[in-house]
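Read through the structure below, which is laid out as C-alpha cells, and then see the notes.
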Amino acid sequence: MVEESASVELNAPVNTIWQLVSTINDWEKWNATIQSAERLTAGGWTPGFRFRQTSERWLSIYTITEVDLGRSASWTGSKAGLTRRMSVELRPLEGGTEVELRQTASGPRALGPLGFFVRRGMRRSLHGWTQGLRKALAEIPTTA
C-alpha cells in the first residue's frame, strides 16, 4: 500500500470548506486535477453515496464509506487492480480551517515499479486539492 497526505490552512470557516468539498459536481471548476465529477446517487453524503470522477483521463466510481457531516468524509473506488481511498478532515482553527487530506492506494498496480507512478499521481491529486481549495475561496464573492 502507498500513502500520501497533505494539509492546508485556509482563511474560511469549516462550513464554507465543507460546502466546497461536498459539492461534487463543482470539483472540476476549482481542482485542476479533476476533469469531471458527478453524483450518481441522489440525496446527501451518507455511506453508500456514489459518484464518478475522471482525473488524468482515469475514470473511477467512488463510494462514500464514512461521513461526519461538516467535518470529515472518506471514499473508496477500485479499478483495474488498484483500490484508491481518499479522506478529508476539517478542523476549526482560530480564524479559519485546517484541511487534512489523505490518499492511499493498494492492489497489484500500487506495487513495484507502477507504485512510483501511482504515488506521483497521488501527490499531484493532493496538490490539486490544496491549491484548488485556495483558488475556490479566492473566487467566492465577499460582502464588505
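Any read-out appearing in this document is the output of simple, stated calculations on the displayed coordinates, not a laboratory observation. Every value quoted in this text rests on a predicted model; they were computed, and no experiment measured them. Positions of Cβ are generated from backbone atoms using ideal geometry, with glycine treated the same way; all protein chains shown enter the neighbour counts.
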Exercise. Of L10, G112, I34, which is farthest along the charge dipole of the chain in the positive direction, counting Lys and Arg as +1 and Asp and Glu as -1 at C-beta?
Worked result: G112
Exercise. R57 to N11: FRET efficiency via 1/(1 + (r/R0)^6), r the Cβ-Cβ distance, R0 30 Å, to the nearest 0.05?
Worked result: 0.35
Exercise. So what are the stretch 2-139's ellipsoid semi-axes, whole angstrom, largest first, if each one is the square root of 5 times an eigenvalue of the alpha-carbon gyration tensor?
Worked result: 24, 17, 14
Exercise. For the stretch 74-128 and the stretch 1-26, what is the separation of their Cα centres, given in Å?
Worked result: 12
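I61: net charge of surrounding residues, Cβ under 9 Å, Lys/Arg +1, Asp/Glu -1, itself excluded?
Values: positive: R50, R52, K79; negative: none.
Residues close to I61 contribute a combined charge of +3.
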Exercise. Distance in nm between label sites at E3 and T23, each 7 Å beyond Cα in the beta-carbon direction?
Worked result: 3.2
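How would you rank M1, M122, M86, going from fewest to most other Cβ atoms within 10 Å of each one's own Cβ? Mind dumping the intermediate values first?
Details: M1 11, M122 22, M86 19.
The order, fewest Cβ neighbours first, is M1, M86, M122.
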